[in-house]
Amino acid sequence: MLGRACRLLAILFLGGGLLASISQANEVEGIRLWASPESTRVVLDLDRPTAHNVFRLENPNRLVIDLDDSRLSPSANFAEARGLVSNLRTGTRSGGVLRVVLDLNQPSHANSFVLDPNSIYGYRLVVDLTPTMPAPPVVRRVPRADTPGGRPVVIAIDAGHGGEDPGAVGPGGVHEKHVVLGISRYLAEEVRAQPGMEPLLVRDGDYYLPHRTLTQRAMQAEADLFLSIHADAFRDPRVGGSTVYVLSDKGASDEAARRLAERENASDMIGGVSLADKDDVLASVLLDLSQNAAISASSQVGQSIIKRMGTIAKIRKHQVQHAPFLVLKSPDIPSVLIETAYISNPREEAALKTSQYQRAMARAIHDGIVDYFRDNPPPGSYLAANPPPYRESAVRHVIARGDTLSEIALRYNVSLSALKRFNGLSNDTIRIGQVLTIPVS
């Protein structure tokens, strides 16, 4: 009798231990994929950090990801294969190991790391895949030789964030990465339609590119200006408005130090001059001259953009602000980061997601760029020989006593629905002193 009781207790103990081990196992809640023209990012959503092992197999090309003490959640979602991944499958191995196998369409390098939770996602195991034999970077090369009327002015446009990085998220669930890509695409259209200008849309899809890659692409295209488009966020939803940033002196000095440190390992080009064969003093002087000139030009073009943006949006800071953003650290290309609005502000979030507002913002940024290059055309450019005419800005209307939305729409020959969408209005309520932006056709 005592023996039977002991066996029963042992079974219960082992069963309890098994249940405990199962409950403590990490759950993979989903697998997501993001593909850019040159790489693919695989993201495994985890409910806790776990040890993992990643290795490659050949004939055929595969990448294996083993996760210790893990299992697949019954509700796990799998992304469709894309980019370098042609198929994806999972299986359970002895010892509680969950195996994820990625079939690859070509030999690829893999780099894996774990990310801590943020406001959007929990723990994530990230695996970045790049081809073993990469193709040349997808960069639209713009001819720099003399052409009839002069060479084009090249504007590199970076839509901030992308892929696994959504950027800020508004109270209504709007992702920054989507709205800034919309604004960037409209801006590229405006630039392409401008005689003597060519756009380089650095990111043209929902994928993430490292900051250094963004500036490298602009340098490869010999861009005359680099613009990074973003939407701001703050804990107070009442805060709103647009802000323009250029590189701070601290950021400039950090980048100069990095460039000097790398001088021995790579032939860096600053303004067309290599640093590789220069002594430290001369290299430092060249960097300072190039960076100071770029920051000065950045401030001027930023101020032109603020002036134009003020015709369609509230401006939070009427002077260019300085910050050490990594994306602004190109030493020889004027670079500007534009926070188009506060996506954390419900009214501005509603406006940001409309094509009307995105187009108007793109047009205002474009007009600011043209204003700068009208006064500061690069030598030998088309704009130097053919200064572009001034284009009138959008109209802003200040609400007065007795105004109604329908009367304002009729006065400016726009539809009532377009006027409301453009200004992020959910109803017909307006107040005296409120400023409305009239959509420009």
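The values are calculated or read from the model by the stated rules, or taken from the named source; none is laboratory data. This one's a predicted model, so the numbers in the text were calculated from it and none came from an experiment. Cβ sites come from the backbone with ideal geometry, for glycine too, and all protein chains shown count toward neighbours.
Hey, among the residues in the range 421-441 that are outside any loop (DSSP other than H, G, I, E, B) and either surrounded by fewer than 15 Cβ atoms within 10 Å (Cβ to Cβ) or within 28 Å of the chain's Cα centre (by Cα) (or both), which one's modelled with the lowest pLDDT?
Among residues in the range 421-441 that are outside any loop (DSSP other than H, G, I, E, B) and either surrounded by fewer than 15 Cβ atoms within 10 Å (Cβ to Cβ) or within 28 Å of the chain's Cα centre (by Cα) (or both), the one modelled with the lowest pLDDT is VAL435.
Do the conditions hold for LEU102, that is, is it outside any loop (DSSP other than H, G, I, E, B), within 30 Å of the chain's Cα centre (by Cα) and not assigned by TED's automatic domain parsing to the domain that holds ALA159?
Against the criterion (outside any loop (DSSP other than H, G, I, E, B), within 30 Å of the chain's Cα centre (by Cα) and not assigned by TED's automatic domain parsing to the domain that holds ALA159), LEU102 qualifies.
Taking the stated definitions as given, is SER39 within 22 Å of PRO117 (Cβ to Cβ) and either modelled with pLDDT under 90 or among the hydroxyl-bearing types (Ser, Thr, Tyr) (or both)?
So SER39 fails the test.
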